[in-house]
Amino acid sequence: MPLSKQQVSSLVQLVASTTPDEIDCDGCLDHVAEFAETLLAGLPIESAMVAVQNHLQNCHCCQMEFETFLKALSGMDETSE
Amino acid sequence: MPEPMTSDPWVEKLKDPTQQEEALTALRVRLVRGLKKVFSSGGESFAEDIAQDALIRILEKIDQFEGRSQFPTWAMSIAVRLATSQVRRKHFKDVSLEQFADGEGLKLDVAVDTLPGAAEQIEQSSIYQNLSELIDDLSDRQQTAVRAVLSGMPVEEIANRTASNRNAVYKLVHDARTKLKSGLEAAGYSAEDLTGSIA
C-alpha cells in the first residue's frame, strides 16, 4: 500500500531534520530531566541540550514520553487530592 | 552547562541504610502522585506498581545520577519510561510488524494535486520521484521499520518484535534517513527545499 500524503510529508520532514550526530533514545533519557527543567524554567536551550531537542523532534516514541513526563512532573508536587 | 554536583541529599539518604527507608517512602509518594495525574485510567494500583518498580531501577542506576537536574525530576524520568513502556506493550499487543512489510516497501504516490503554483508542484513531484527511487535502495528491514514508524508504531515496539532494542531500531531508521537525505542532497535538494516542499 502506498504511503498516505500525511506519511509522505512526515517522511520528508524526518529526512530534512536528519543530522549525522543524533543521540539515541537512551542518550535522550540521560539528559531529559535536565532538558525538562530548563524548558520549564524558560531558560535558553544550551548547545548540549540541542541534541535532546533534535532527538525529541525525530523520535515520536521519546516525544510522547516527554509530554507524559512533563505532565507527571506537574503532578508530582501537587498536594490536593 | 554547570558542573555536575558531587553529592545530593537524596542520593546520600538513599545510600545510607539508616535513612534509606524514609527516603524511599518520600520518593514513592511523589512518584505515585505524578504518575496518577497522567495514568489515571490505569487503575488505582498502576501508579503504585510502577513507582515500586521504578524505585528498584532508580537504586540500580543511582550512581549514574550526575546532579544536572533535581533528583526527583531524574527519578520521575525513569518512572515515566517504565510506565509508558507498559502502556505501549498493552496498546500494541495485537499489532504485527508483518503488516508494514507488504512487499511494496515505501511506495510513494508521486502525483500531487493541491499546490499553490506550477513551479512548486514540479519541484515537489521531482523531490518525491527522487525519494521514491532512493527508497528502493533501502534494505527491507529499513523499509519495514520506516513504514512502521510513519504508521505511529513506537521504536520500542518495533524492537520488541525484531529481537532488537530501542536504540538499535532508532539507529536503523536514522541510517535510512541519512541515506535518503544524502541522496536528495546529491540530486540538488537541500533540507530547506525539502521543508519547503511540504509547507
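The values are calculated or read from the model by the stated rules, or taken from the named source; none is laboratory data. What you see is a predicted model; the values in this text were computed from it and never measured. All Cβ positions, glycine included, derive from the backbone under ideal geometry; neighbour counts span all protein chains shown.
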Residue match in segment A:5-12 (condition: surrounded by 13 or more Cβ atoms within 10 Å (Cβ to Cβ) and touching a residue at least 24 places away in the same chain (Cβ under 8 Å))
no
Taking segment B:87-102 and keeping residues out of contact with any helix residue (DSSP H, G or I) (no Cβ under 7 Å at 6 or more places or on another chain) and not in a helix (DSSP H, G or I) leaves B:LYS93, B:ASP94, B:VAL95, B:SER96, B:ASP102
Give me the helices (runs of 4 or more DSSP H) completely within chain A, filtered to those with at least 3 residues that are under 22 Å from B:MET76 (Cβ atoms) and in contact with a Ser or Thr (Cβ under 7 Å, 6 or more places away or on another chain), ordered by residue number.
A:25-40, A:60-76
Based on this model, can you work out whether B:SER85 counts as among the small types (Gly, Ala, Ser), under 21 Å from the mean Cα position of the chain (by Cα) and surrounded by fewer than 17 Cβ atoms within 10 Å (Cβ to Cβ)?
no
Every residue in segment A:26-59 that is modelled with pLDDT under 95 and facing another protein chain (nearest Cβ under 7 Å), please.
A:ASP26, A:LEU29, A:GLU46, A:ALA48, A:CYS59
Among A:PRO44, A:PRO2, the single one that is touching an Asp or Glu at 6+ places or on another chain (Cβ under 6 Å) and surrounded by fewer than 21 Cβ atoms within 10 Å (Cβ to Cβ) is A:PRO2
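Per-residue answers, yes or no, for (1) facing chain A (nearest Cβ under 8 Å); (2) touching a Gly at 6+ places or on another chain (Cβ under 9 Å):
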residue	(1), (2)
B:LYS36	yes, yes
B:GLU48	no, no
B:ASP53	no, no
B:ARG57	no, no
B:GLU66	no, no
B:ARG81	yes, no
Within segment B:106-135, residues being modelled with pLDDT under 75 and within 13 Å of B:LEU180 (Cβ to Cβ) number 2
Quick check on my filter: what residues within segment B:37-64 are of a type outside the set (S, T, N, Q) and farther than 18 Å from B:SER85 by Cβ?
B:LYS37, B:GLU44, B:LEU59, B:ILE62, B:ASP63
